1. What about Ile58, is it over 14 Å from Ser76 (Cα atoms), within 15 Å of the chain's Cα centre (by Cα) and open to solvent by 90 Å² or more (accessible area, probe 1.4 Å)?
2. Could you please give the count of residues in segment 25-83 that are within 16 Å of Leu9 (Cβ to Cβ) and of a type in the set (Ser, Thr, Tyr)?
3. Please determine whether any residue of segment 23-43 is among the β-branched types (Val, Ile, Thr), open to solvent by less than 60 Å² (accessible area, probe 1.4 Å) and under 13 Å from the mean Cα position of the chain (by Cα).
4. Do we have any residue at all in segment 56-67 that's of a type in the set (Val, Ile, Thr), in contact (Cβ under 8 Å) with a residue 12 or more places away in the chain and farther than 20 Å from Tyr130 by Cβ?
5. Restricting to segment 69-80, name every residue that is open to solvent by 20 Å² or more (accessible area, probe 1.4 Å) and in contact (Cβ under 8 Å) with a residue 40 or more places away in the chain.
6. Is it the case, given these coordinates, that Leu48 is open to solvent by less than 30 Å² (accessible area, probe 1.4 Å) and either part of a helix (DSSP H, G or I) or free of Cβ contacts under 8 Å to residues at least 12 places away in the same chain (or both)?
Amino acid sequence: MKLRVRFSLIPFALILILFILDRRLIFLMPLAFLAFFSYFIGSIFLILTAFFLIYHKIGDIYGLGIMILALFFVESAYLDREKAPMEHYVILLLAVLLALPTFVLMESISHLVPGFEATALAALILLSLYAFSKLVTD
């Protein structure tokens, strides 16, 4: 019997540390734990994390980092349950990391387009890029 590495433990541990340091989002941790077992609950965790980041006005690179980790965690937990090959994890990692240059781009043009929040735009583009990469690979 081959022991399978659960890659979702890495972003889960990072999210746990960030939530403990901030304490405003710590109540979401039970949902995060349940995301190991259910993609639906993981999606609820992702949506509630985004909602409370907006509610608490946690933005900039810190808020985007939490969203990147949350998305990476939920999707890697799904990949762990499906026993996906390593290539799927690499595509997932590349898709979520595309949010960082997108954030820099949005931050640089946000001064030209008043009324838009760079973090929200980058998060929206992150989800769009991931959805596109998921459609392409399926």
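1. Considered against the rule, which asks whether it is over 14 Å from Ser76 (Cα atoms), within 15 Å of the chain's Cα centre (by Cα) and open to solvent by 90 Å² or more (accessible area, probe 1.4 Å), Ile58 comes out as no.
2. 2
3. From segment 23-43, those among the β-branched types (Val, Ile, Thr) are 26, 41; that's our starting set.
Now drop any that are not open to solvent by less than 60 Å² (accessible area, probe 1.4 Å), which leaves 41.
Filter once more, so that each one left must be under 13 Å from the mean Cα position of the chain (by Cα): none.
For segment 23-43, residues among the β-branched types (Val, Ile, Thr), open to solvent by less than 60 Å² (accessible area, probe 1.4 Å) and under 13 Å from the mean Cα position of the chain (by Cα): absent.
4. Looking only at segment 56-67, we keep the residues that are of a type in the set (Val, Ile, Thr), and these are 58, 61, 66.
Now restrict to residues that are in contact (Cβ under 8 Å) with a residue 12 or more places away in the chain: 58, 61, 66.
The next check asks that each one be farther than 20 Å from Tyr130 by Cβ; those that pass are 58.
Checking segment 56-67: at least one residue is of a type in the set (Val, Ile, Thr), in contact (Cβ under 8 Å) with a residue 12 or more places away in the chain and farther than 20 Å from Tyr130 by Cβ.
5. Residues of segment 69-80 open to solvent by 20 Å² or more (accessible area, probe 1.4 Å): 69, 72, 78.
Those that are open to solvent by 20 Å² or more (accessible area, probe 1.4 Å) and in contact (Cβ under 8 Å) with a residue 40 or more places away in the chain: Leu69, Phe72.
6. No, not satisfied.
The values are calculated or read from the model by the stated rules, or taken from the named source; none is laboratory data. Note that this is a predicted model, so its numbers are computed, not measured. All Cβ positions, even for glycine, are placed from backbone atoms using ideal geometry, and neighbour counts span all protein chains on display. Accessible surface is based on the protein model in full, side chains and every heavy atom, while ligands, DNA and RNA are left aside. Shrake-Rupley method; radii C 1.70, N 1.55, O 1.52, S 1.80 Å.
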